[in-house]
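Heads up, the thing below is written out as structure tokens.
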Amino acid sequence: MVKKYADLYLEARRALKESYGEQSGSVARQLLSAASGKTPEAIIADCDIYASEAIEQTMGQYLERALAGEPLAYIIGQWDFAGMTLTVTPDTLIPRDDSMAVTELAIKTAMHLHAEPRVLDLCTGTGCIGLAVARRVKDARVVLGDVSPAAVRVAKKNVQDLHLGGRVTCLQVDVCKPAAAFLGKFDLIVANPPYITDAEMDDLPPEVADYEPHLALRGGPDGLDLYRAILDNYTGALNPGGFICFEFGMGQQDAVSALLDAHGYEVLTTRKDLRNVIRAVLARKK
């Protein structure tokens, strides 16, 4: 027997209450919106209309996945970040508010560069940081790079969906190898590399450990393997006096700053995230 949209929503909210608490209503709306193809506003307007059997079945599948602990972003296939709605798959990390610190730092830096600055976003995943820079800095030329071919495909889709193909390019890039000569020189490099230590990987919450790509999480014994690789292999791709922005994990600011200093950079500033944790650094190539 088919059900009204209101009934599907209320049943989902009740089922999600234990896991999501006060967010259960919001999660239920987003699941039903994804299952039906309707906006949350349209669902409210159509609350007394009967949904089709196909929508009811899809909603049941989505609800089952949510109750199993799968992140909402992977169920609905998209997530909002910095005013953008981005495609997200299990091949990419879910963009988080933590990354707004490095994103805002990169945007502010790029805004004060010369005309048509070249920006490289390494370990790009969905492309969220580089795309945010491209949207705010209207003449920036941005390259999104990731070692994962699947992540590059996701980033390309986001470039297309945001109509930024004229200024943003996606490439498969392995930061553990020297920068290819054809990439040229950049004015700003921004990166959110994997920074979870090997020991911390064993203690990740299930919704991260069981669903998000470990390639984008594991940073080696001290969490800094990819920072060393970027500084070793991509410092030469940065123009003299160019800038680099890193996101890092809680408590890693001193170690990352020391690496920057050792590779010939002057640390200019750090930035805190919304939880008041130092989360990003800006440095200039001497």
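Quick grid of which residues meet (1) more than 27 Å from Asp91 (Cβ to Cβ); (2) among the hydroxyl-bearing types (Ser, Thr, Tyr); (3) assigned to a strand (DSSP E or B); (4) within 29 Å of the chain's Cα centre (by Cα):
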{"position": "Ser19", "(1), (2), (3), (4)": "no, yes, no, yes"}
{"position": "Ala28", "(1), (2), (3), (4)": "no, no, no, yes"}
{"position": "Asp48", "(1), (2), (3), (4)": "yes, no, no, no"}
{"position": "Tyr74", "(1), (2), (3), (4)": "no, yes, no, yes"}
(request) Filter segment 208-230 down to residues that are within 19 Å of the chain's Cα centre (by Cα) and of a type outside the set (A, V, I, L, M), then give me how many there are. (result) 9
(message) Return the residues of segment 163-207 that are more than 27 Å from Tyr20 (Cβ to Cβ), open to solvent by less than 90 Å² (accessible area, probe 1.4 Å), aliphatic (A, V, I, L, M) and more than 15 Å from the chain's Cα centre (by Cα); say none if nothing qualifies.
(response) Leu164, Val168, Leu171, Val173, Val175, Ala179, Ala180, Leu183, Leu188, Ile189, Ala199
(request) Could you figure out which of (1) under 28 Å from the mean Cα position of the chain (by Cα); (2) open to solvent by 50 Å² or more (accessible area, probe 1.4 Å); (3) of a type outside the set (A, V, I, L, M, F, W, C) isn't true of Glu53? (result) (1)
(message) Show the residue pairs meeting these rules: Cβ distance below 8 Å; 6+ apart or different chains; first residue within segment 264-286 and closer than 9 Å to Leu105 by Cβ and open to solvent by less than 60 Å² (accessible area, probe 1.4 Å); second residue basic (Lys, Arg) and in a strand (DSSP E or B).
(response) Ala280/Arg271; Val281/Arg271; Leu282/Arg271
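Which one is least open to solvent (accessible area, probe 1.4 Å), of the residues in segment 80-118 that are of a type in the set (S, T, N, Q) and part of a loop (DSSP other than H, G, I, E, B)? First the steps, then the outcome.
Step one: filter segment 80-118 for residues of a type in the set (S, T, N, Q), giving 85, 87, 89, 92, 99, 103, 109.
Within this subset, residues satisfying the condition of being part of a loop (DSSP other than H, G, I, E, B) are 89, 92.
Working: Thr89: 33, Thr92: 2 Å².
Taking the candidates together, the pick is Thr92.
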(message) From the list Ala73, Ala82, exactly one residue is within 25 Å of Ala155 (Cβ to Cβ), among the hydrophobic types (A, V, I, L, M, F, W, C), touching a strand residue (DSSP E or B) at 6+ places or on another chain (Cβ under 8 Å) and modelled with pLDDT of 95 or more. Which is it?
(response) Ala73
(message) Return the pair list, or none, for Cβ contacts closer than 9 Å from residues in segment 38-50 that are touching a residue at least 24 places away in the same chain (Cβ under 8 Å) and aliphatic (A, V, I, L, M) to residues that are open to solvent by 50 Å² or more (accessible area, probe 1.4 Å) and not in a loop (DSSP other than H, G, I, E, B), at least 6 apart or on different chains.
(response) Ile43/Arg29; Ile49/Lys4
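The values are calculated or read from the model by the stated rules, or taken from the named source; none is laboratory data. All of these numbers come straight from a predicted model, not from anything done at the bench. For neighbour counting, all protein chains shown are included, and Cβ atoms are generated from backbone atoms with ideal geometry for every residue, glycine included. Heavy atoms of the whole protein, side chains included, go into the accessibility calculation; ligands, DNA and RNA do not. Shrake-Rupley method; radii C 1.70, N 1.55, O 1.52, S 1.80 Å.
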